[in-house]
Number of protein chains: 2
Amino acid sequence: MNDLTAIIAGRGVLPVHLARTLAAQGAPFLVAEIEGAGFAASAEPGWTVEPFALERLALLFDMLHDRGVTRVVLAGGLTRPRLEPERIDPKTAQLLPRILPALGQGDDATLRAVIALFEDEGLTVVGADAVAPDLLPAPGVQTYVQPSQADMGDADRAARIVATLGAADVGQGAVVAQGLCLAVETLPGTDAMLDWVAQVAGACRPDPNGARGVFYKAPKPEQDRRVDLPAIGPATVEAAHRAGLAGIVIEAGGVMILDAEATRARADALDLFLWVRSP
Amino acid sequence: MNDLTAIIAGRGVLPVHLARTLAAQGAPFLVAEIEGAGFAASAEPGWTVEPFALERLALLFDMLHDRGVTRVVLAGGLTRPRLEPERIDPKTAQLLPRILPALGQGDDATLRAVIALFEDEGLTVVGADAVAPDLLPAPGVQTYVQPSQADMGDADRAARIVATLGAADVGQGAVVAQGLCLAVETLPGTDAMLDWVAQVAGACRPDPNGARGVFYKAPKPEQDRRVDLPAIGPATVEAAHRAGLAGIVIEAGGVMILDAEATRARADALDLFLWVRSP
């Protein structure tokens, strides 16, 4: 296609992966980097990178229209922004009444409101997997190590917990061992939760020689799958290993693997299983 | 009443509080202490304390019948037991098929199965609050400090999260600040969660000068309220203070306050509110 795609880039490796994918496809794109997200450091020669401030979102829309952008993909982490009121331009100020009420209603509501703004500008919002389908792996166990019966039971229970939690717009992950919930993902994220399992919660496994447990990750049932699809990568495997877990289970079609080859290789090296589980 | 009450005593101060209450009422009682629960150290002269092993539960029933016990109250914490198979007597072995399947289905199922065993023995199982009604405080704010509008909003969100989690038989508490879920209670319990907020999650509050957040606690919707009603006490106030929270909110009628006077005094001294909130 000849449509110009804009990557709205937050923190992390996902926006870089998308830019590389589009570049490899020969598809025209530009990157609009959220101020401070750190994308520019990874940019390659020939890429167009434009920073923008959330306080001047209206100027971003003007820029996207000027350049002829028709499709946008929102990618990467966004720490909840602290807006500086004196930087907000008049046009952006008119958009705020549509965003601010959603902020208090959780991530899903906020992202839906942001997507609606882009769509009202006539832009098509697509998910990262529409740009790079390899991000969503096919169902199956990806590693030499396979989950045991106990691990499958723990995955079942974790899946039910995460689905329940997601309905309350809390987290996208949980750790279950021997049928018991050791940890639930909240605002600090996956790595903080897995560190806590390593340091504190792991000692609560009833049988020290029993099943070591699984980290399960899935998108929230209500979330717009075009944005904020959860992701794992090699660092997740390291953290799950430090937490003493038997493996990682992700919902098929709902969780991306960043750098899939390295992720699988690390899991194999550490004797963890990586299971892309059909919900 | 002249019925003999047995306190089935696990860890912690609740069984001791119940024994003192019954003694003060002049009501006849005995204490059956789960081996290793540490009750005996707090026993007062004249109290009857009999230890028992979970592997010999049938012998406990025989003893209760021999003594003429008609009413039992299960009180105090019970770490998930590791049974020693060689200690299990033949009569208790016959009870195990009713308990073991429930163990894998979570705390609620396990406790329901245990209660059913006592009831099948013809014993009446009552809640701790039936013995000591002062454990369940009346609705209202118990402290000088009152919750702000923001705190009330955080309490609303936390109450919804805990109700949702409870339906999945996970935890009985959550920490919410500025509308965001910082932590959810899992197997390691309240103190471990509040420590984690103090050390890690607290730094994720979006506005460092904004609402500090609340710790909310409620029973699970499906749990049998005769057993395992959650409880707070002075140590909970200390932990909430270390976590930088504005206050503690408990569901009226569903959460006990152990040593209510000292708990309120500690909250007042640390400028936290303590709110017994009608659901």
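The values are calculated or read from the model by the stated rules, or taken from the named source; none is laboratory data. Every value quoted in this text rests on a predicted model; they were computed, and no experiment measured them. Cβ sites come from the backbone with ideal geometry, for glycine too, and all protein chains shown count toward neighbours.
Worth pointing out:
- Among the residues of the stretch B:10-27, those identified as closer than 16 Å to B:Gly127 by Cβ and in contact with a strand residue (DSSP E or B) (Cβ under 9 Å, 6 or more places away or on another chain) are B:Gly10, B:Gly12, B:Leu14, B:Pro15, B:His17, B:Leu18, B:Ala19, B:Leu22, B:Ala27.
- Tallying residues that are closer than 19 Å to B:Leu229 by Cβ and either within 9 Å of chain A (Cβ to nearest Cβ) or not in a strand (DSSP E or B) (or both) within the stretch B:170-183 yields 4.
Here is a yes/no grid of residues against (1) hydroxyl-bearing (Ser, Thr, Tyr); (2) at pLDDT 90 or above; (3) surrounded by 15 or more Cβ atoms within 10 Å (Cβ to Cβ):
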position: B:Leu4; (1), (2), (3): no, yes, yes
position: B:Ile8; (1), (2), (3): no, yes, yes
position: B:Ala19; (1), (2), (3): no, yes, yes
position: B:Ala23; (1), (2), (3): no, yes, no
position: B:Ala27; (1), (2), (3): no, yes, yes
position: B:Leu30; (1), (2), (3): no, yes, yes
position: B:Glu44; (1), (2), (3): no, yes, no
position: B:Thr48; (1), (2), (3): yes, yes, no
position: B:Phe61; (1), (2), (3): no, yes, yes
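- Each residue in the stretch B:32-42 was checked for being outside any loop (DSSP other than H, G, I, E, B) and modelled with pLDDT under 90, and 4 of them qualify.
- Of the candidates A:Asp191, A:Asp156, A:Asp169, A:Asp195, the single residue that is in contact (Cβ under 8 Å) with a residue 60 or more places away in the chain and among the charged types (D, E, K, R) is A:Asp169.
- Of the residues examined, B:Val125 is one that is outside the structural domain of B:Pro206 (by TED's automatic domain parsing), under 18 Å from the mean Cα position of the chain (by Cα) and surrounded by 19 or more Cβ atoms within 10 Å (Cβ to Cβ).
- Filter result for the condition that a residue is among the polar types (S, T, N, Q) and more than 19 Å from A:Leu22 (Cβ to Cβ), over A:Thr70, A:Thr92: A:Thr92
- Selection within the stretch B:205-223: residues that are within 12 Å of another protein chain (Cβ to nearest Cβ) and in contact with a strand residue (DSSP E or B) (Cβ under 8 Å, 6 or more places away or on another chain). The member of this set that is nearest to A:Thr186 (Cα to Cα) is B:Arg205.
- Scanning the stretch B:232-270 for residues that are assigned to a loop (DSSP other than H, G, I, E, B) and either under 24 Å from B:Ala201 (Cα atoms) or hydroxyl-bearing (Ser, Thr, Tyr) (or both) yields a count of 6.
Residues are listed down the side, and each one gets a yes or a no for (1) away from chain B (no Cβ under 11 Å); (2) modelled with pLDDT of 90 or more; (3) under 30 Å from B:Leu100 (Cα atoms); (4) assigned to a helix (DSSP H, G or I):
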| residue | (1), (2), (3), (4) |
| --- | --- |
| A:Val72 | yes, yes, no, no |
| A:Arg80 | no, no, no, no |
| A:Leu96 | yes, no, no, yes |
| A:Gly122 | yes, yes, no, no |
| A:Pro137 | yes, yes, no, no |
| A:Thr143 | yes, yes, no, no |
| A:Gln146 | yes, yes, yes, no |
| A:Ala150 | no, yes, yes, yes |
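- Single residue of A:Leu229, A:Leu187 found to be part of a loop (DSSP other than H, G, I, E, B), at pLDDT below 90, within 14 Å of another protein chain (Cβ to nearest Cβ) and surrounded by fewer than 24 Cβ atoms within 10 Å (Cβ to Cβ): A:Leu187
- Filter pass, B:Gly202 being within 14 Å of chain A (Cβ to nearest Cβ), of a type in the set (Gly, Ala, Ser), part of a helix (DSSP H, G or I) and farther than 29 Å from B:Ile8 by Cβ: yes
- Those residues of the stretch B:1-45 which are touching a helix residue (DSSP H, G or I) at 6+ places or on another chain (Cβ under 8 Å) and over 19 Å from B:Ala128 (Cβ atoms), in sequence order: B:Glu35
- On inspection, B:Ala192 passes the criterion of being hydrophobic (A, V, I, L, M, F, W, C), closer than 27 Å to A:Ala203 by Cα, within 14 Å of another protein chain (Cβ to nearest Cβ) and out of contact with any Lys or Arg (no Cβ under 8 Å at 6 or more places or on another chain).
- Selection from the stretch A:259-279 of residues that are of a type in the set (A, V, I, L, M) and closer than 11 Å to A:Pro137 by Cβ: A:Ala260, A:Leu274, A:Val276
Residues are listed down the side, and each one gets a yes or a no for (1) under 26 Å from A:Ala109 (Cα atoms); (2) among the β-branched types (Val, Ile, Thr); (3) in contact with a Ser or Thr (Cβ under 9 Å, 6 or more places away or on another chain):
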site	(1), (2), (3)
B:Val125	no, yes, no
B:Asp134	no, no, yes
B:Ala150	yes, no, no
B:Ala167	yes, no, yes
B:Gly171	yes, no, yes
B:Val175	yes, yes, yes
B:Leu180	yes, no, yes
B:Ala183	yes, no, yes
B:Pro188	no, no, no
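- Of the criteria (1) farther than 15 Å from B:Leu135 by Cα; (2) in contact with a helix residue (DSSP H, G or I) (Cβ under 9 Å, 6 or more places away or on another chain); (3) surrounded by fewer than 22 Cβ atoms within 10 Å (Cβ to Cβ), which one B:Ala203 fails: (2)
- Set A:Ala167, A:Ala113, A:Ala163, A:Ala158: member being among the small types (Gly, Ala, Ser), more than 9 Å from every other protein chain (Cβ to nearest Cβ), surrounded by fewer than 20 Cβ atoms within 10 Å (Cβ to Cβ) and under 19 Å from the mean Cα position of the chain (by Cα): A:Ala113
- For A:Asp129: the one exception among (1) away from every other protein chain (no Cβ under 14 Å); (2) more than 30 Å from A:Ala262 (Cβ to Cβ): (2)
- Hey, A:Val197 within 12 Å of chain B (Cβ to nearest Cβ) and not in a loop (DSSP other than H, G, I, E, B) or not: yes
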